[in-house]
Every structure is written in structure tokens, then in C-alpha cells.
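Any read-out appearing in this document is the output of simple, stated calculations on the displayed coordinates, not a laboratory observation. The model shown is predicted, which means the values in this text are computed figures rather than measured ones. All Cβ positions, even for glycine, are placed from backbone atoms using ideal geometry, and neighbour counts span all protein chains on display.
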Amino acid sequence: MDSSASNNDAAEPAPTVSSDVRHLEVAEPESKPDRRWVFFSILAAMLIIDQAIKYWAESHLHVTQSSVWPWPGVLEMRLTHNQGIAFGLAQGKGWLFTPIALLISCGATLHSWRHPWDGGWMHAAMALLTAGALGNLFDRLVFQYVRDMFATRFMNFPVFNWADACITVATAILILIWSKEAIDSRSKPHPSPEMRRDSP
């Protein structure tokens, strides 16, 4: 009697996950919202703002001419033609940054396209990165220099433009996202060796 019961217990099949449940687990990302619209909306807005500010600066200021707008004594306008890279670095070698800008913009766009369920902040960072790279790349291809116009008065800092600011903000967002992910991964409990051996 006891041996028969034990044999039945031993022969009892292990519980299996139904195909419907497995399908739901695989399809789980599809239930999350597609946030690629965040990427394309921010990208378009930042490119328009970047080119509009550059056009205004070229139309109203001479090279090296200053204006107290928009924040006198703190952040003012001074038009410069930058033949280097971001923040006036590597003068005369800005053309070297052209393939890098293409790689950055293509890589960021591809990332957002392939990861539609990423958080809004990740898509925003990718959009800002792409807008910054393309905004300055347009200047280099059309004018052979980048139009910079924002000059800080409260500190000694190179003249920069809206595209440079986009790249800087994108970098800060990515650092915060990756830092949070690293902290979250460390705080999650890891399965013990016994649990790994017991798992099918």
C-alpha cells in the first residue's frame, strides 16, 4: 500500500507551464507603451530650436559681437564660428568629428527604434544626443564651421550652442539612468546555489 503510493508520487509528472502562460510571458513587452514618439518629438523640436537660434544669431550679430540677451551678466549672446568640435575644442579639426557625429546619431536612432518599450527618459536622452550631433553636423557640412553663440559671464567657459547643450544634457541623463540601473541590480536578491540546482 505504501510502496504503491510512493510509486504514484514518483511517477507524478512535474507541473508544467501552459502554452498560454508562456505566450503571455513572451508577449509581455507588447503590453508596455511604445515610447518611440518621445524620441522623434524631442528630436524634431531640438533640431528646429537649434537651427532657429543659429539663424537668429547670424542675422542679428556680427562675428565676436556680443548681446546682453537673454540673461545680462550671466548668459549672453556672442557669435563665433567654431572650426573645432564641441565647446571650441580642437580648432581646425572639426571635420574629424563628422564620422563620429554620424555614428552617434545613427546609433542613438537605432537604439530607440529597436527598444520601443524603454523608458521615456532613455528615449529623451537618445533624441537629445541625436539632435546635438546632427545640429552641429549640418553646420559643418553647409558652412564648414559651427555657429556658437552662448557665452557665460559668471564663469570662464567656451562659447557653445544649443546642440552642445543637448549633448551635455543627454550625457547627464544617461549617467543617471545607468547609475540607477546599477544600484537596482545590486539591491535585487540573487538566487542561492540551492535554488539554482532546484530550478528546472
(request) Tell me the Kirkwood hydrodynamic radius of the range 33-175 in angstroms, computed as one over the mean inverse distance between distinct C-alpha pairs. (result) 15.5
(message) Starting from the 7 Å offset along Cα-to-Cβ, what nm value, one decimal, do you get for the label separation of L176 and T152?
(response) 1.8
(request) Would you mind classifying the range 126-170 by shape? Square roots of the alpha carbon gyration tensor eigenvalues, ordered a ≥ b ≥ c; an a/c under 1.5 is rounded, otherwise it is prolate if a/b is larger than b/c and oblate if not. (result) oblate
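Assuming a ≥ b ≥ c are the square roots of the Cα gyration tensor eigenvalues, decide whether the range 109-193 counts as rounded (a/c under 1.5), prolate (otherwise, with a/b larger than b/c) or oblate.
oblate
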